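What follows is a set of notes on a single structure, which appears directly below.
The values are calculated or read from the model by the stated rules, or taken from the named source; none is laboratory data. This one's a predicted model, so the numbers in the text were calculated from it and none came from an experiment. Only protein heavy atoms, including side chains, enter the accessible area calculation; ligands, DNA and RNA are left aside. Shrake-Rupley method; radii C 1.70, N 1.55, O 1.52, S 1.80 Å.
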Amino acid sequence: MNNVNKSEFIMITREQLVRYAGASGDFNPIHTNMILAKENGLPDVIAQGMFIMGLAGTQLTKWFGLHKVKQFDVRFTSMTLPGEEVQVTCTLNEDQTSGEVIVFNRNEEVKLKGFIKLA
């Protein structure tokens, strides 16, 4: 693999999570209500996995173009909390038509791992 693309670090905020809940219709309180999240054993509210995937997808289309991204599959690997800063990276294979996508925080804790296929 070669050609690593890296985004700037992106701060995850509570406001983003509430806005995403409204846009997506995902009103699970573990994403927006700190008291209920803590009552359910979480350290705080957590980011919706699809929100983190959306951040990655947005970055991929900035790098490669909307019509060039043909497939984007992910696996969520750990929770993302408000106040964390995350970065998107993409490392393409030699043929430049597919590669690995990773989202991680400043402590290098991986939040999402995925695969991209380009046209």
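In whole Å, how far is the Cα centre of the range 89-107 from that of the range 3-27?
First find each Cα centre; the distance between them is then 19 Å.
Defining a contact as two alpha carbons under 8 Å apart and six or more residues distant in sequence, what relative contact order in percent does the range 1-100 show?
Relative contact order comes out at 43 percent.
At 1.4 Å probe radius, can you tell me the per residue accessible area of the chain in Å²?
Details: 6710 Å² over 119 residues.
I get 56 Å² per residue for this part.
Across 10 Å bins from the origin, how do the percents of Cα pairs in the chain run, short distances first?
For the chain, the binned pair fractions read 14, 43, 30, 11, 2 percent.
If you build a Gaussian network model of the chain, linking Cα atoms that sit under 10 Å apart, which residue out of PRO82, PRO43, PRO29 swings the most?
Result for the chain, Cα springs under 10 Å: PRO43 fluctuates most.
Whose amide H sits under 5 Å from the amide H of VAL88, counting only residues 5 or more places off or on another chain, with H placed in the peptide plane?
Hits under the 5 Å cutoff: SER7.
Tell me which residues come under 5 Å, amide H to amide H, from SER98 once H is placed; ignore anything under 5 positions away on its chain.
Here ASN93, LEU118 satisfy the definition.
If only Cα atoms are counted, what is the Rg of the range 57-119, and what is its Dmax, in Å?
For the range 57-119, the Cα radius of gyration and maximum Cα-Cα distance read 12.1, 37 Å.
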